[in-house]
Amino acid sequence: MSKEYNSYTRMKTDNTGKFVRYIVPTGKDIFLTALLLGISTALGILFGKLGFTEANIITIYILGVLFCAIITKSHACSLISSFSSVLLFNYFFTEPKLTFHAYEAGYTVTFVIMLVAALITGTLAARLKDSAKESAQAAYRTKVLFDTNQLLQKARSEDEVIRVIANQVLLLLERNVVIYPVEEERLGNGYVFTKEGYGKDTVFLEGSEKKIAEWVMVNKKKAGASTKMFPEGKALYLAIRINESVYGVMGIHIGHNPLDSFEYSILISILGECALTLENIKNERDKEAAARMAETEKLRVNLLRTISHDLRTPLTSISGNASNLCNHYKQLDDETLKQIFSDIYDDSEWLINLVENLLSVTRIENGQMQLNSSIELVDDVVDEAMRHIDRNSVNHNIAVNHSQEMLFAEMDAKLIVQVIINLVNNAIKYTQKNSEITVDAGEEEGRVFIRVADNGPGMDTYSKEHAFDMFFTGQNKVADSKRSLGLGLALCKTVVEAHGGSIKLEDNIPSGCVFTFYLVKGDVDIHE
């Protein structure tokens, strides 16, 4: 019943609009009609003086009727010009002239034929004009629908989709539009779009209008102006939905000009494309969230498995050495005791460094660690880091090259110290004894860099590609025989990028690796 009523309402309003447009002429149409009849009469008088026959004059009037049908909007003008041309021909060109009488009986047939010819000519011209206009409108609306599809394919967010749909409906209907997005199963704030862009249409600000939109969201049916439900509304409201999922509600300011059936069908197609795009965006977001959850779960499993496996070795060593000290302390000589103490210290330091790295990575990636950035002297930060590197550094040749000029960088000094420690310790662990390790700093392209290079065995292509991945340890055997969780370089990358910098790994010719990270250069005013 509702569908039949709405269809009937649209047909009735469409027919009323056509009647007004086709029958009631405007002042401009009346003026053009009178002008064409006057021109036709003047040409007829001129042709009469030049000796042309009445048949030629009749064709002039028919031609005038044809032009009238083409340049006027109202079909009534064609009828008026047809009747008027017969009367004017009778008045000016039949005997007795300047009267509406005719002596010859044959003129009655001439008048009828002339009237019929003028009516047919005017009607055909008007129909042809309307057909051309409707074809142009159909082509334009089809283009709008095609452009909508293309633009929606490029949209990557709900806001982009809303802007695209609103702009396309404005192009299609030339009416103000409001779109209410659905947020957590509730109608959000409306976005009003006018011909001038974003704006405010007082119609959409009325509380009763939003209530209609809320009803549409809940019932998934159209309502408002030109419908049976809430016909007192000033806008037509339609749900942007696919199946049972509602993603928003669109309101179109109807006023006194309801949509015709073709406009309505195109609008429904656009809303369907909009709902499909919004659903695809939602599915893509859900897919990304599921992938992140899977990655997080994978990270957690890898962390537990790696920690449970790799922490056993240093803990077992500490426990065993402590047991020997407890049970056999008096039987052990000084050299053996010194070695046991050294092993316990190394294993505990390894565990402390591991836990510190793990906590730092976790806090930064969760957004819990706040950077306390300040302008720091780079040489001081490097020197501080070198005081805390692995004590096995005595087995390597480590050189620190300070820059010739004072370099300042914006950083959290504590975290950058940890980055340098990790890079140097990484070089110590993965290079042979007596290897050459250099640490230097400088300025490059407006940024400050710190570089750690070694002449160890280097890395293969695969290892270089995954060097900064968490839990990746590569194929190289650690020089001190301890396993690594692969957190050090991952932490370095995370910390540097949190500072707005970057880090890279390159080959050191002829052998070895070069780690370089960049920081934002800091400016310091020195007052002498």
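Between residue 26 and residue 147, what length in nm is gained on full extension when 0.36 nm per residue of separation is reduced by their alpha carbon distance?
Using 0.36 nm per residue and subtracting the Cα-Cα distance, I get 40.0 nm.
Heavy-atom accessible area of residue 101 with all protein chains present, probe 1.4 Å, nearest 10 Å²?
Near enough 130 Å² of accessible area.
Enumerate the amide H contacts of residue 520 below 5 Å, restricted to partners 5 or more residues apart or on another chain; note that Pro and chain-start residues carry no placed amide H.
Here the answer is 410, since their amide H atoms fall under 5 Å of that of residue 520.
Provide the gained length on full extension for the span residue 505 to residue 379, in nm with one decimal, where the gain is 0.36 nm per separating residue minus the Cα-Cα distance.
Contour length minus Cα-Cα distance gives 43.2 nm.
Return the subset of 433/521; 338/429; 133/195; 433/464; 154/282 for which the Cα-Cα distance in this structure is over 26 Å, preserving the input order.
433/521, as the Cα separations exceed 26 Å there.
Which value, in Å² and to the nearest 10, is the accessible area of residue 229 when all protein chains are kept and the probe is 1.4 Å?
Counting only protein heavy atoms, the figure is 80 Å².
Calculate, for residue 229 and residue 294, the FRET efficiency according to 1/(1 + (r/R0)^6) with r their C-beta to C-beta distance and R0 45 Å; round to the nearest 0.05.
0.50
Tabulate in residue order the Karplus-calculated ³J(HN,Hα) for region 59-71, using 6.51 cos²θ - 1.76 cosθ + 1.60 with θ = phi - 60°, rounded to whole Hz; enter x for Gly and Pro.
5, 5, 5, 5, 5, x, 4, 4, 5, 4, 5, 7, 8
Could you pull out every one of the aspartates and glutamates with an alpha carbon less than 16 Å from that of residue 129, ignoring same-chain neighbours closer than 8 positions?
Partners found: 29.
Starting from the Cα-Cα distance between residue 256 and residue 112, subtract it from 0.36 nm times their residue separation and give me the gain in nm to one decimal.
Length gained between residue 256 and residue 112: 47.7 nm.
State the answer as a single residue: which of 171, 140, 153 lies farthest towards the positive end of the charge dipole of region 140-201, with beta carbon charges of +1 for Lys and Arg and -1 for Asp and Glu, about the Cα centre.
140
For residue 349 and residue 245, what does the FRET efficiency come to when R0 = 51 Å and r is the distance between their Cβ atoms, rounded to the nearest 0.05?
For R0 = 51 Å, the calculated efficiency reads 0.35.
Quick one: what are the phi-derived ³J(HN,Hα) couplings along region 84-96, Karplus 6.51/-1.76/1.60 with θ = phi - 60°, whole Hz, x for glycine and proline?
Values per residue, Gly and Pro as x: 5, 5, 5, 5, 5, 4, 5, 6, 9, 10, 10, 7, x Hz.
Could you work out the per residue convex hull volume over the alpha carbons of region 328-458, in cubic angstrom?
Considering the Cα atoms of region 328-458, their hull volume per residue is 155 Å³.
Taking only protein heavy atoms into account and a 1.4 Å probe, give the accessible area per residue of region 173-300 in Å².
57 Å²
Hey, what do the phi angles of region 488-496 turn into as Karplus ³J(HN,Hα) couplings, whole Hz, using 6.51/-1.76/1.60 and θ = phi - 60°, x for Gly and Pro?
Running phi through 6.51 cos²θ - 1.76 cosθ + 1.60 with θ = phi - 60° gives x, 5, 4, 5, 4, 4, 5, 5, 4 Hz.
Using the beta-carbon distance between residue 339 and residue 219 and R0 = 60 Å, what value does 1/(1 + (r/R0)^6) give for FRET efficiency, to the nearest 0.05?
0.15
The values are calculated or read from the model by the stated rules, or taken from the named source; none is laboratory data. Treat the numbers as computed from the prediction; the structure is a model and nothing was measured. Here the Cβ is made from the backbone with ideal geometry for all residues, glycine too, and neighbour counts use every protein chain on show. Heads up: the accessible areas ignore ligands, DNA and RNA and are worked out on the full protein's heavy atoms, side chains in. Shrake-Rupley method; radii C 1.70, N 1.55, O 1.52, S 1.80 Å.
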